[in-house]
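Trainee: Take a look at this one; I'll ask things after.
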Amino acid sequence: QFQEIINSCYSKDWVVYTKKPMKSAKHVVKYLGRYTHRIAISNARLKKYEDNKVTFSYKDYSDHNQIKEMTLDDTEFFRRYMMHVLPSNFMKIRHYGFLGNRNKEERIKAIRTATNTKDPE
């Protein structure tokens with residue numbers, strides 16, 4: 001049955017849809033800033049892009065939370081940015097341990113039982 005599925009897929013003429021490439025690296029940086037769920041950098045923090053260099057603001061925690069600017073070569077900026085993008089099939093974990101969504105109710109019940117705590121109504 002699996003081989004039939006494979007054969008039917010290979011027998012089709014697949015058409016891949018691709019969009020036109022972006023105009024420039026500046027447009028790529030703006031696009032990525034809009035669609036990243038604020039994981040790495042937002043448009044507001046991107047200050048300028050010129051001469052293949054990206055300037056952005058950041059908070060320097062070691063210097064009393066001062067807002068500073070940093071300029072990086074565009075390839076280095078993109079390399080650092082991509083370190084924040086999760087590989088395919090991975091998902092960002094917001095809660096873990098007993099607060100994680102999977103089986104959360106059962107774990108909270110077990111914790112209440114172990115600690116002899118009443119369930120709030």
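Read-outs: derived from the displayed coordinates by stated rules, not from any lab. Everything numeric here is computed off the predicted structure, so don't read it as measured data.
Trainee: Cut-off under 14 Å on the C-alpha distance; same-chain residues fewer than 8 positions from LYS53 excluded. Which aspartates and glutamates are left, in chain and number order?
Mentor: Within reach: GLU69, ASP73, ASP74, GLU76.
Trainee: For CYS9 and ARG102, calculate 0.36 nm times their separation in residues minus their Cα-Cα distance, and state this gained length in nm to one decimal.
Mentor: 30.0 nm
Trainee: (1) 45, 34, 27; (2) 39, 30, 26; (3) 65, 63, 23: which one is Cα extents along the principal axes in Å as calculated from this entry?
Mentor: Structure-derived value, by its label: (3).
Trainee: DSSP H helices in the chain with Cα extent of 15 Å or more along the helix axis and mean Kyte-Doolittle hydropathy at least 0.5?
Mentor: Flagged H segments: there are none.
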